[in-house]
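Report on the following structure.
The values are calculated or read from the model by the stated rules, or taken from the named source; none is laboratory data. The structure displayed is predicted, hence computed values, not measured ones. Positions of Cβ are backbone-derived with ideal geometry, glycine not excepted, and every protein chain shown enters the neighbour counts. Surface accessibility is based on the protein's heavy atoms, side chains included, excluding ligands, DNA and RNA. Shrake-Rupley method; radii C 1.70, N 1.55, O 1.52, S 1.80 Å.
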Amino acid sequence: MAFSDKILEWYNKNKRDLPWRASTDPYKIWLSEIILQQTRVAQGTPYYLNFIETFPKVSDLASAKQETVLKLWQGLGYYSRARNLHAAAKMVVDDYGGRFPDTYKKLITLKGVGDYTASAISSICFNERQAVVDGNVYRVLSRYFGVEIPINSTAGIKYFKELALEVLHESNVRDYNQGIMEFGAIQCTPKNPNCGQCPLKESCVALKERKTDVLPVKLKKTKVKTRYFNYLVPLFVSGNGLNSTLLKQRTGKGIWQDLWEFPLLESESDIDLKTVKENYNRVLGIKEEAMVTLFNTEVVVHKLSHQHLYTKFWILEIDAPMPDAVPISELHKYPVPVLISSFMNAFKF
DNA sequence: AACACGGGGTG
DNA sequence: CACCCAGTGTT
């Protein structure tokens, strides 16, 4: 039996019952694919359910405020996905009359839809002959065929795309594509693959040559940068108990674009109370004096893929009203990074 | 061709 | 701690 038939047979027996598998509605498949980019099924599933419930149709998503979309996305990371998701929904409504594109060629014109996602949607929804190559597929193919070209090199990307197309199932592309990804996720796992009960064990090169632990080959990634964040958390206390604080939206490039955070004083190294006192008037844009205290006794280390953020939260009690302050009762409406959200919980905001 | 972009799970 | 996850867009 051919490789693709083995995969298909395995899939029919072992596939998980996932929410988006119940349909071939391109809106639902697209949404699930964007959410699952670089994201585990377990982490993405609750987000998928929330999005579908909040935006049953692509037009609902298109007409939403970006703030609403980002808030629903909060905690999932890679926030450009949320911005592109929103932009793509508008493209579907404005450029395609509200009907989702039905070919790879058209799908890949959508913001946030690259080669993988266009292949996934076109094959799963329309059974178009396109090969998906995600992290799972790289692993399965590199092991089964014993390919040692680095998967994240230009040559590797080209090679695996062509290989994936060569071994694609003859007729059932829809299930085969989901099958090879599911196979990688459940059977041919990164660590401790279940080779003992693998339907491909007779012909797997990596198993035969004891290379499952070195395949796929991946070029090492870049170094992690350390940054020092000092959040200045103003507390405008008024007599009637209607307390407020200040949030700013991150603009430009870099992490957490368009999300909100407390006024930030970033430094080259760890700073102390003295330095905070010298800078808070400038950072907050106020003239009043503040009583400053450090909230976290231990520096909070927030780890991103490329950055370690050493963070201190400074509480600034200010005995004056502030016009554009945010009432504490409305803090929960703003999309914020997990680092900020965690602090808000710890501080009992 | 390399890099930036989050957060969480796993061994 | 290192690696990985249903990748894409920018430089």
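Structural remarks
- Whenever a residue of segment A:205-227 is within 16 Å of DNA strand B (Cβ to nearest atom), its partners that are open to solvent by less than 80 Å² (accessible area, probe 1.4 Å) and assigned to a helix (DSSP H, G or I), lying with C-beta atoms within less than 6 angstrom and at least six residues away or across chains, give the pairs A:T212/A:R143; A:T212/A:A206; A:P216/A:Y138; A:P216/A:R139; A:P216/A:S142.
- The strands (runs of 3 or more DSSP E) falling completely within segment A:229-348 that include 3 or more residues that are within 28 Å of A:E67 (Cβ to Cβ), away from DNA strand C (no atom under 16 Å from the Cβ) and open to solvent by less than 40 Å² (accessible area, probe 1.4 Å) map to A:307-318.
- Candidates A:P190, A:P199 - the one that is within 16 Å of DNA strand B (Cβ to nearest atom), surrounded by 13 or more Cβ atoms within 10 Å (Cβ to Cβ) and not acidic (D, E): A:P190
- A search for C-beta distances below 6 Å between a residue of segment A:133-144 that is under 16 Å from A:Y116 (Cα atoms) and assigned by TED's automatic domain parsing to the domain that holds A:A164 and any residue that is open to solvent by 30 Å² or more (accessible area, probe 1.4 Å) and part of a loop (DSSP other than H, G, I, E, B), counting only pairs 6+ apart in sequence or on different chains, returns A:Y138/A:P216; A:R139/A:P216.
- Filtering segment A:85-115 to residues that are under 23 Å from the mean Cα position of the chain (by Cα) and open to solvent by 50 Å² or more (accessible area, probe 1.4 Å) leaves A:K90, A:I108, A:T109, A:K111, A:D115.
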